[in-house]
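There's a structure below that I have some questions on.
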Amino acid sequence: GDNGYAAWLRYDQMTDEKLTDEYKGWTGELVLPSGVPVEGVLKTAAQELSRGIRSMIGTTPTVTHEASQQRFIVLDVLGGGTWVDQASGIVPALSDEGYILKTIHEADREYIVAAGRTEKGALYAAFHLLRLLQSGAAIGQLNLIESPKYSLRMINHWDNIDGSVERGYSGRSIFYEGNKVLTGSDRIRDYARLMASVGINGIAINNVNVHREETFLITEKLLPDVARIAEVFGEYGIKLFLSVNYAGTIEIGGLTTADPLDPNVRAWWKEKAAEVYRYIPDFGGFLVKADSENRPGPFTYGRDHADGANMLAEALEPYGGIVLWRCFVYNCHQDWRDRSTDRARAAYDHFKPLDGRFEDNVILQIKNGPMDFQVREPVSPLFGAMEHTNQMMEFQIAQEYTGQQKDVCFLIPQWKEVLNFDTYVKGAGSTVKEIAAGRVHAYTHSGITAVSNIGNDENWTGHHLAQANLYGYGRLIWNPELTSEEIAKEWAAQTFGGNEKVQDVIVNFLLESWSIYENYTAPLGVGWMVTPHYHYGPDIDGYEYSKWGTYHFADHKGIGVDRTVATGTGYSSQYTQPNAEIYDSLEACPDELLLFFHHVPYTHQLKSGKTVIQHIYDTHFAGVEQVEYWISRWLELEGLVDEERFRHVAGRMNRQLENAKQWRDIMNTYFFRKSGIPDAHNRVIY
Ligand code: GCU
């Protein structure tokens, strides 16, 4: 059966004879003009090409450093002084990790140059060429120049050393089990391949919540094992990062303080950094969750985030390491009676005043929204608000609040909206996309990271279709100009093959899935309403009287959070104009965020023309119908998709339908009872 393990790197044997012959003509010989490497990333690139070609076309290319055939593939590093430099011509604007894919026709021979500015670029070129072959593209006239938009293209794992995965919906960790690092596993290599194939170049392998045992990851007890993972990553051009415990000096260092200005604390971290780099020379750096959700941090010592981050930055600086300092900082012990505290304000209020105080090798890692990866939130107003401080984006591929890989929710459209959001911090065009690329303010480091959605399930992501989020994430942060549709199509073609009907159903289902999920869950940007702690399934008041700062304030008259300046928390003023004004205004605020910014009566009329209450009813009925529709479409694929994946997806979709119905009925009943206003269409409400 097909368990989905190969994900998008299936390299199924081609069935189109004509195309196979055409490809065969080009792929018989793989030429490495600078010599066939015995190690390193270029060797990986050659291996990957050979492997993919053999698998798809049936013949293994001859790997050589001198061309002997009339058609062949060249794999090289540009600027290395080989004949390829000249043949390729002048390549403008190619960044360090960029590459070219170019078909060159000479009098007596033709060849495809897959070459990078660096070995890593060559690896990405190899994967790109394989992607073209896998999707049956024409390769006779290639002329592609590719450079990644972001320099840091990262994944964060929330894996614990006991083998559990925080917010993991796909089995257990591939990195750890039973308080041990799993070093011998092929899975880690296969994972590195998958990630490199979409351009990921940095992976933090442990949870931002660093518990007791994980604190030892930066000690000689565990570093030899971590180094083995780093080696495998290194072959695929991926740097390894570790989450560290801010209180390491106390927990394992034998000191009584973690005061960032204490010389002994600083000395300890310097020694630690030296030790880590002895084991892992290309170590990426530290990821830190400090003074957040009960994690230790500099606040204990009357210091601030800049003091804390800079202490670690100083330790890593001699080795080129960086500190990824998270901005997910808020009061998680809020009294629900307290209406003046607004969790949405917290990141901006904490960090904005610190602008300019952080070292050059610190990057603030900011979640896309001010709350927590909800199905709908505004963009965090912190983006671009700090001109003199490096910033990067944090997305969540794991579907914590978006269906937990039981329900389908393709997140690329959501991420694109975030990236395309114009902050206006330096006038029109100051989009998040450009800010995270360090092109609005000149950052020394920038990029995008995301919480992984993989585990040791055979198919990596629990739901087969959730692989699309992982693939799409990598593709999107390489090139955010790709459309959601292009990404979905690429993925579907590689993962489910070329059948048009199959592609059509999968792509369109994916593209609609976020809006479907939004339809049957919390309405109009208000968020939450999920089962506390688990975050799957409805519990409208589950968080209403809790300490977490996540309220909807529904009563018999209305619903929503007043975040306006005049009568609310003033959160809207954290945005630059005109956004501040738009969000603050009941008339101008976009429907989908209305309840995030305003408390309104159920009878308030939306821009759509509907009242809020009717919108709630309509979207919840619609959400269930949409899931039913897509189940029927999926069932049409029986016999066109392999049995195992067909059944698996059908099974998950039935669970999704149950979830959608539960949301529909609880939401509609709850708001009918609260408001006393009946559904205009008299549908069943309990
Ligand atoms: C969410 C999530 C936690 C996680 C936290 C974080 O609140 O539920 O499990 O630790 O985000 O990002 O630090």
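The values are calculated or read from the model by the stated rules, or taken from the named source; none is laboratory data. Because the structure is a prediction, the values reported are computed rather than measured. Heads up, the Cβs are rebuilt from the backbone with ideal geometry, glycines too, and the neighbour counts pull from every protein chain shown.
If you scan segment 361-398, which residues turn out to be in contact with a Leu (Cβ under 7 Å, 6 or more places away or on another chain) and either within 14 Å of the ligand (Cβ to nearest atom) or not in a loop (DSSP other than H, G, I, E, B) (or both)?
Ile363, Gln365, Ile366, Gln391, Met392, Ile397
Testing Cys589 on (1) touching a residue at least 24 places away in the same chain (Cβ under 8 Å); (2) crowded, with 16+ Cβ neighbours inside 10 Å; (3) not β-branched (Val, Ile, Thr), one condition comes back false. Which one is that?
Failed condition: (1).
Is at least one residue of segment 400-410 among the small types (Gly, Ala, Ser), within 28 Å of Gln467 (Cα to Cα) and either surrounded by fewer than 21 Cβ atoms within 10 Å (Cβ to Cβ) or more than 13 Å from the ligand (Cβ to nearest atom) (or both)?
Applying the first criterion (among the small types (Gly, Ala, Ser)) to segment 400-410 yields 403.
Filter again for within 28 Å of Gln467 (Cα to Cα), leaving 403.
This time we only want the ones that are either surrounded by fewer than 21 Cβ atoms within 10 Å (Cβ to Cβ) or more than 13 Å from the ligand (Cβ to nearest atom) (or both), so: 403.
Yes, segment 400-410 contains a residue that is among the small types (Gly, Ala, Ser), within 28 Å of Gln467 (Cα to Cα) and either surrounded by fewer than 21 Cβ atoms within 10 Å (Cβ to Cβ) or more than 13 Å from the ligand (Cβ to nearest atom) (or both).
Report every pair of residues separated by at least 6 positions or lying on different chains whose Cβ atoms are under 9 Å apart, first residue within segment 162-188 and in contact (Cβ under 8 Å) with a residue 60 or more places away in the chain and closer than 15 Å to Asn206 by Cβ, second of a type in the set (Phe, Trp, Tyr) and away from the ligand (no atom under 16 Å from the Cβ).
Pairs that qualify, where the first residue is in contact (Cβ under 8 Å) with a residue 60 or more places away in the chain and closer than 15 Å to Asn206 by Cβ and the partner is of a type in the set (Phe, Trp, Tyr) and away from the ligand (no atom under 16 Å from the Cβ), are Ile174/Tyr191; Ile174/Trp460.
Anything in segment 266-290 that is away from the ligand (no atom under 16 Å from the Cβ) and among the small types (Gly, Ala, Ser)? List them, or say none.
So in segment 266-290, the residues away from the ligand (no atom under 16 Å from the Cβ) come out as 266-285.
Answer for segment 266-290, where residues must be away from the ligand (no atom under 16 Å from the Cβ) and among the small types (Gly, Ala, Ser): Ala267, Ala273, Ala274, Gly284, Gly285.
Are any of the residues in segment 406-414 at pLDDT 95 or above, part of a helix (DSSP H, G or I) and in contact with a Ser or Thr (Cβ under 6 Å, 6 or more places away or on another chain)? If you could, list the steps in order and put the result at the bottom.
Of all residues in segment 406-414, those at pLDDT 95 or above come to 406-414.
Pick out the ones that are also part of a helix (DSSP H, G or I) and you get 412-414.
So of that shortlist, the ones also in contact with a Ser or Thr (Cβ under 6 Å, 6 or more places away or on another chain) come out as 412-413.
Among the residues of segment 406-414, at least one is at pLDDT 95 or above, part of a helix (DSSP H, G or I) and in contact with a Ser or Thr (Cβ under 6 Å, 6 or more places away or on another chain), which makes the answer yes.
Kindly evaluate Gly89 against the criterion of being surrounded by fewer than 22 Cβ atoms within 10 Å (Cβ to Cβ) and not basic (Lys, Arg).
Details: surrounded by fewer than 22 Cβ atoms within 10 Å (Cβ to Cβ): yes; not basic (Lys, Arg): yes.
Taking the combined requirement at face value, the residue satisfies it.
For Leu324, state whether it is outside any loop (DSSP other than H, G, I, E, B), surrounded by 19 or more Cβ atoms within 10 Å (Cβ to Cβ) and either within 16 Å of the ligand (Cβ to nearest atom) or without any contact (Cβ under 8 Å) to a residue 40 or more places away in the chain (or both).
Values: outside any loop (DSSP other than H, G, I, E, B): yes; surrounded by 19 or more Cβ atoms within 10 Å (Cβ to Cβ): yes; either within 16 Å of the ligand (Cβ to nearest atom) or without any contact (Cβ under 8 Å) to a residue 40 or more places away in the chain (or both): yes.
It is true that Leu324 is outside any loop (DSSP other than H, G, I, E, B), surrounded by 19 or more Cβ atoms within 10 Å (Cβ to Cβ) and either within 16 Å of the ligand (Cβ to nearest atom) or without any contact (Cβ under 8 Å) to a residue 40 or more places away in the chain (or both).
When you go through (1) crowded, with 21+ Cβ neighbours inside 10 Å; (2) touching a strand residue (DSSP E or B) at 6+ places or on another chain (Cβ under 8 Å); (3) farther than 29 Å from Tyr536 by Cα one by one for Gln574, which number turns out not to apply?
(2)
Considering Glu293, Glu317, which residue is under 28 Å from the mean Cα position of the chain (by Cα), of a type in the set (Asp, Glu) and within 14 Å of the ligand (Cβ to nearest atom)? Explain how you work it out, then say what you get.
On the way: Glu317 fails: within 14 Å of the ligand (Cβ to nearest atom).
None of the others qualify; the one that does is Glu293.
Can you find, within segment 39-74, the residue that is nearest to Glu235 (Cα to Cα) among those that are of a type in the set (Gly, Ala, Ser) and outside any loop (DSSP other than H, G, I, E, B)? Step through it out loud before you land on a result.
Just the residues of segment 39-74 that are of a type in the set (Gly, Ala, Ser), to begin with: 40, 45-46, 50, 52, 55, 58, 67-68.
Imposing the further condition that a residue be outside any loop (DSSP other than H, G, I, E, B) reduces the set to 45-46, 50, 52, 55.
Details: Ala45: 9, Ala46: 12, Ser50: 16, Gly52: 17, Ser55: 21 Å.
Filtering first and then ranking leaves Ala45.
Can you tell which of Ile112, Ile218, Ile174 is over 29 Å from Leu324 (Cα atoms), in contact with a strand residue (DSSP E or B) (Cβ under 9 Å, 6 or more places away or on another chain), hydrophobic (A, V, I, L, M, F, W, C) and more than 16 Å from the ligand (Cβ to nearest atom)?
Details: Ile218 fails: over 29 Å from Leu324 (Cα atoms); Ile174 fails: over 29 Å from Leu324 (Cα atoms).
The match here is Ile112.
Can you pull out every residue in segment 350-360 that is in contact (Cβ under 8 Å) with a residue 40 or more places away in the chain, away from the ligand (no atom under 15 Å from the Cβ) and not basic (Lys, Arg)?
Those that are in contact (Cβ under 8 Å) with a residue 40 or more places away in the chain, away from the ligand (no atom under 15 Å from the Cβ) and not basic (Lys, Arg): Phe351, Leu354, Phe358, Glu359, Asp360.
Do we have Ala554 as modelled with pLDDT of 95 or more and loosely packed, with under 14 Cβ neighbours inside 10 Å here? Walk me through how you get there before you give the answer.
Numbers: modelled with pLDDT of 95 or more: yes; loosely packed, with under 14 Cβ neighbours inside 10 Å: no.
No, not satisfied.
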